[in-house]
Amino acid sequence: MNTVIMIGRLTRDPELRYIASTGNAVTRFSIAVDRAFAAKDAEVTADFFNIVVWGKRAETCANYLAKGRMVAIRGRLQNNNYTDKNGNKQYSVEVIAEEVKFIDWGDKKAGNGNDDFMPDGIDEEGYRAINDEDVPF
């Protein structure tokens, strides 16, 4: 079984590219995930993970995420290795995201959070209005 779930903040803006041979969208970004523990009188430290998102989800991430935004990621780990131009073997680990949840919303270009973008029907506090017919009591 190869499953990871993590919540963190983007450390850089997402980079969207299209694969020339297939036209598939791929977005790459990294997130900082706080460690759950810290030594006494020490600052909380973070681990940094490279995230790769494919397809329509990649385009959505590129359009609505920006540095500093918090996301939840569910995906799998993938090892990559290659030989660089100096003949040295290089290794890396990426998280291939199968699901990306936007934990905080905002206009990607606003930066200050004043012009928040909220999905239809969700107010500033994160609640969605429902019809009286949908209430189960």
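Read-outs throughout are calculated quantities, based only on the coordinates presented, and are distinct from any laboratory measurement. What you are looking at is a predicted structure, and each value in this text was computed from that prediction instead of being measured. Here the Cβ is made from the backbone with ideal geometry for all residues, glycine too, and neighbour counts use every protein chain on show.
Test of understanding: ordering Leu16, Leu65, Leu77 by Cβ neighbours within 10 Å, fewest first, what list do you get? Intermediate values should be presented prior to the final figure.
Details: Leu16 16, Leu65 22, Leu77 12.
Starting with the residue having the fewest Cβ neighbours, the order is Leu77, Leu16, Leu65.
Would you mind listing how long the range 4-106 runs along its three principal axes, going by Cα atoms, in whole Å with the largest first?
52, 41, 21
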